[in-house]
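Input: one structure, supplied below.
The values are calculated or read from the model by the stated rules, or taken from the named source; none is laboratory data. Quantities reported herein were computed from a predicted structural model and do not represent experimental measurements. A quick note on method: Cβ atoms are made from the backbone with ideal geometry, for glycine too, and the neighbour counts reach across all protein chains shown. Each accessible area value is taken on the protein alone, full model and side chains, heavy atoms only, with ligands, DNA and RNA left out. Shrake-Rupley method; radii C 1.70, N 1.55, O 1.52, S 1.80 Å.
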Amino acid sequence: MIAPTTARSLPAALAALIVSTWVPVVVARAADAPSDEQARFFEAKVRPILAGRCQKCHGPEKQKSGLRLDSRAGALAGGDLGPAVVPGKPDESLLIAAVRQEDDNLKMPPSGKLAREQIDDLARWVRIGAPWPGADATAAPAPARKGEYQVTDKDRAHWAFRPVQARAVPDVQDRGWVLNPIDAFLLAKLESKGLRPNPPAGRRELIRRVTFDVTGLPPTPEEVDAFLADDSPTAYERLVDRLLASPHFGEKWGRHWLDLVRFAETNSYERDNPKPNAWRYRDYVIRALNDDKPYDRFLREQLAGDELPGGDDGLIATGFYRLGIWDDEPTDRDQARYDGLDDIVATTGQVFLGLTVDCARCHDHKIDPIPQRDYYRLIAFFQNVNHFRNGGPTDESPLFDTGEDRTAFQDKLGEYEARRAAARLEIEAIEREAKAKAEDQGVMAVSDLGKLVRDEGERLLGKEKIKRYRELHRDLRGLQKGKPEAAMALRVSEAGPVAPETFVLLRGNPHAKGDEVEPGFPTVLGASSPVIPPPAPGAKSSGRRTALADWITSPENPLTARVMVNRLWQHHFGRGIVRSPNNFGLQGDRPTHPELLDWLASELVKGGWRLKPIHRLILTSNAYRMSSSGRPEALAKDPVNDLVWRFDMRRLTGEEIRDAVLAVGGTLNPRMFGPGIYPELPAEVLASQSMPGYGWGKSPPSEQARRSVYIHVKRSLLVPILEGFDLAETDRSSPVRFSTTQPTQALGMLNGAFLNAQAGRLADRLRREAGDDDRARVRRAFRLALGREPTEGEVGRSLAFLAALRHEDGLGDDAARRVFALMVLNLNEFLYVD
């Protein structure tokens, strides 16, 4: 797959700036109708070279390397190496590089190098915009030599493209182990392989596991004690229900969704400027998950919330379109616009459908049965979206809780505007009066009438009139400070009800248009073309995105439900039933338990697309409650645990580590929602951002202690503890958090300013809650950090460690206890969920 080049080197950017000062008019005309002079130059100098030396191998009969040079469109589209001609830029054009023969791997024509004059003529032709007169200028290149891509029944037979089937729950030998159908599906495969599931995890391990999985926070010692003391048969189920109802559920699981949709609050590139109000999208996601908003509605609001009834939630949800990276000074605006559209299609395809549709941007997909034409049919759904507006990809709308709030705001705004207009009218009347008197007295007129009034006003109008003039200006300034302001949301908009045409871009080049296409769905999924009704009178958008949302969330769509239940399984068990969660195509992994995947997908749709019941099914299964210990015979048969015979231990994410440190130290601020917070960062980290001029705010200490999901996400500036522990990439969809092991993790945990400050907070908490007795402090530290009592051996080693700090290292009591607290926060058991 060859993608268009978007990165800019300094020389290329500088060349573009120089060319733009004298070429733009010529280039624009060349792309449309060449001037008479350009036409004569092409016919006399350029066409003979192309016809005589190039088209034998790159013409209508033969297209070596996929390149055709008998039309302007073919030259712009290029071949396997990319566009042959970049209008206005001979130094970036492969055709010119080939005829100059400066690269041993790119020398054309093979029969011998062109004369210097011919090379110069070709370079000049490209420099003036590659004008091409005649009917063959816009002729499309030849069709694919092997025929148009045809999607076959064999393609449609791939497991992910077949309809979801309601699977029967299998029968098993050990029926006593089965608590719900999930267990039956897993156990049936284990029994077929001669394996048995692990025994259950201990109750202390289980409450810590499920609390982190559902809320992203550790259980308190009091919560652990209450669970251990509850010996009723439904104690665990009640624990699960309590956690699913916690507001912290949305904070934890919202983070997973934000990873998928490349959430950030800045644009990237050199300035990395902010996206105002992007945080409202983050809050929308958290609220939606806490409220168990049906998943189909959740998707529909993000794709087309502005076209749906339902109020401000839908408007905020469409901030989904604005989350990607955006270049505020592209060298090629058409290319940049299609890069933005590609980002939207790529994210929509991978996140909602588990398809790498974006691999078909420049040619038919090399692996999956997705023709290039299908890619551009999907582009057509988004073609009308305003990606460039007011100098950036931002469009904001006011938000109101109720219709009454909206009316009240509009009344206040109307009153404000009326008072402002009345003041302006009176000011203008005074200025006109001053001008008339000045002219009567022969005073020369000035361009700044206000300055005439200020300088000559008392003489011309008298003290009272000028006093009133000054009062009116003061009133205007006061009015401006008190202007009614509504909460604003980052959202999407369209350019109007009529969408522009969409063309297949040859080799992905926006300057080389092929066939026109209409909105449509991937052919391999067998869906008919959408019926998009004509826009209603007064409509502000085309309705295309609603049609797409309807298809994606249709129960007949074979991918949407499968993809989402796989993500839920992944985040509870560490890996999905399909190990490649963003790729259900032919190059993706096959499901380890296809029948279970389809059963879960069927349950999601049957249950009204609500996610919490699926969470509950997974969490209350016996499979989820298994211990993580290894057994030699099982490890020999299934070392990577594909059959799920045990629970996989996992390390906490960076956000979970930071939040757990705050929680254990007793400083975690549970306040939810609102603009992003700014934790204090070391000076050397602040100096690393791309444009230090757009700085990093400073939040009050209590705000800095809020959960990590509320940290302002700046693409060029990352919080060290989060970056060190594998923070998700924000430039594209991140379906999986990988756990790396690197020296900076240990260094940050032992020497980092954040960990050392929080170790001091934990030491203070231990003094408050356990008094001056070291043994009591050790016991309380273990219960807070690990959810269990220390063993006698651990108590002994901890006391010996404290003694050594005091006597051998010469630390005072406070310093020694802070170092002990830091040691507790560095225990592997604190950083891992068993």
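What whole number of Å gives the distance from the Cα centroid of the range 770-834 to the Cα centroid of the range 644-681?
Using only Cα atoms to place each centre, the spacing works out to 21 Å.
Rounded to the nearest angstrom and ordered from largest down, what semi-axes does the equivalent ellipsoid of the range 332-372 get from its C-alpha gyration tensor (root of 5λ)?
On the way: eigenvalues 73, 37, 5 Å².
Result for the range 332-372: semi-axes of 19, 14, 5 Å.
Could you name the aspartates and glutamates in cross-link range of K193, using Cα to Cα under 13 Å and dropping any fewer than eight places away on the same chain?
E633, D638, D642
Take the solvent-accessible surface of the protein heavy atoms, probe 1.4 Å, and return the percent of it on the range 55-201 that carbon and sulfur atoms account for. Could the numbers behind the result be given before it?
Values: 3930 of 7830 Å².
Whole-percent figure for carbon plus sulfur exposure: 50.
Going by amide H atoms built from the backbone, whose H comes under 5 Å of the H on G79, apart from near neighbours?
A84
Just the Cα atoms of the range 642-766, one point each, no solvent: what log10 I(q)/I(0) does Debye give at q = 0.10 Å⁻¹?
Values returned for q = 0.10 Å⁻¹ are -0.35.
Rg to Rh for the range 192-251: what is it, with Cα atoms only and Rh by Kirkwood?
Numbers: Rg = 13.5 Å, Rh = 12.7 Å.
That ratio is 1.06, to two decimals.
Something else about it: Quantify, in whole percent, the carbon and sulfur part of the accessible surface of the range 574-719 (1.4 Å probe; protein heavy atoms only). Present the calculation step by step, with values, prior to reporting the outcome.
Values: 3200 of 5490 Å².
Carbon and sulfur together cover 58 percent of it.
A further question follows. Setting aside same-chain residues fewer than 8 positions from K481, which aspartates and glutamates have a Cα under 17 Å from its Cα?
K481 reaches E415, E417, E471.
Let me ask another. Using the heavy atoms of the protein chains and a 1.4 angstrom probe, tell me the accessible area per residue for the range 219-311 in square angstrom.
Numbers: 3170 Å² over 93 residues.
Normalised by residue count, the accessible surface of the range 219-311 is 34 Å².
Over 18 Å between C-alpha atoms is what I'm after, so list which of K45/K513; K154/K189; K56/K107; K189/K637 land there. If you can, show how the numbers build up before the last one.
Working: K45/K513 26 Å; K154/K189 27 Å; K56/K107 16 Å; K189/K637 13 Å.
Cα-Cα > 18 Å for K45/K513; K154/K189; rest within.
Give me the three principal axis extents of the chain from the C-alpha atoms, as integers in angstrom, largest value leading.
Ordered largest first, the chain gives principal extents of 94, 90, 61 Å.
Go through the range 89-101 residue by residue and turn each phi into a ³J(HN,Hα) via Karplus (6.51, -1.76, 1.60, θ = phi - 60°); whole Hz please, and just put x for glycine and proline.
9, x, 6, 10, 9, 5, 4, 5, 4, 5, 6, 6, 6
Using the Karplus equation 6.51 cos²θ - 1.76 cosθ + 1.60 (θ = phi - 60°), what ³J(HN,Hα) coupling, rounded to whole Hz, does each residue of the range 57-64 give in order, writing x for Gly and Pro?
Running phi through 6.51 cos²θ - 1.76 cosθ + 1.60 with θ = phi - 60° gives 9, 9, x, x, 8, 9, 9, 4 Hz.
Which values, in whole Å and largest first, are the semi-axes of the equivalent ellipsoid of the range 742-834 obtained as the square root of 5 times each eigenvalue of the Cα gyration tensor?
On the way: eigenvalues 74, 57, 33 Å².
After scaling each eigenvalue by five and taking roots: 19, 17, 13 Å.
Measuring with a 1.4 Å probe in the full set of protein chains, what accessible area per residue, in whole Å², belongs to the range 34-113? Can you show the working numbers first?
Details: 3990 Å² over 80 residues.
On a per-residue basis, 50 Å².
A follow-up question, please. With every protein chain present, what is the per residue accessible area of the range 587-640 (1.4 Å probe, Å²)?
Values: 2190 Å² over 54 residues.
Per residue, the range 587-640 has an accessible area of 40 Å².
Compute the Rg/Rh shape ratio of the range 700-748: radius of gyration over Kirkwood radius, all on alpha-carbon atoms. Write down the numbers at each step before the final one.
Values: Rg = 12.3 Å, Rh = 12.4 Å.
For the range 700-748, the value is 0.99.
Among residues other than A634 whose Cβ falls under 9 Å from its Cβ, what is the net charge (Lys/Arg +1, Asp/Glu -1)?
Working: positive: R196, R631, K637, R646; negative: E633, D638.
That sum, taken over residues with Cβ under 9 Å, equals +2.
Checking the table K437/K463; K62/K366; K252/K293; K252/K275 against a 19 Å threshold on Cα-Cα, which pairs fail? Before the final figure, lay out the partial values.
Details: K437/K463 15 Å; K62/K366 22 Å; K252/K293 16 Å; K252/K275 23 Å.
Over 19 Å apart, Cα to Cα: K62/K366; K252/K275.
Among 457-463, 294-300, what's the highest-first ranking by average C-beta atoms within 10 angstrom per residue? Walk me through the intermediate numbers first.
On the way: 457-463: 15.4, 294-300: 21.4.
Top to bottom by mean Cβ count within 10 Å: 294-300, 457-463.
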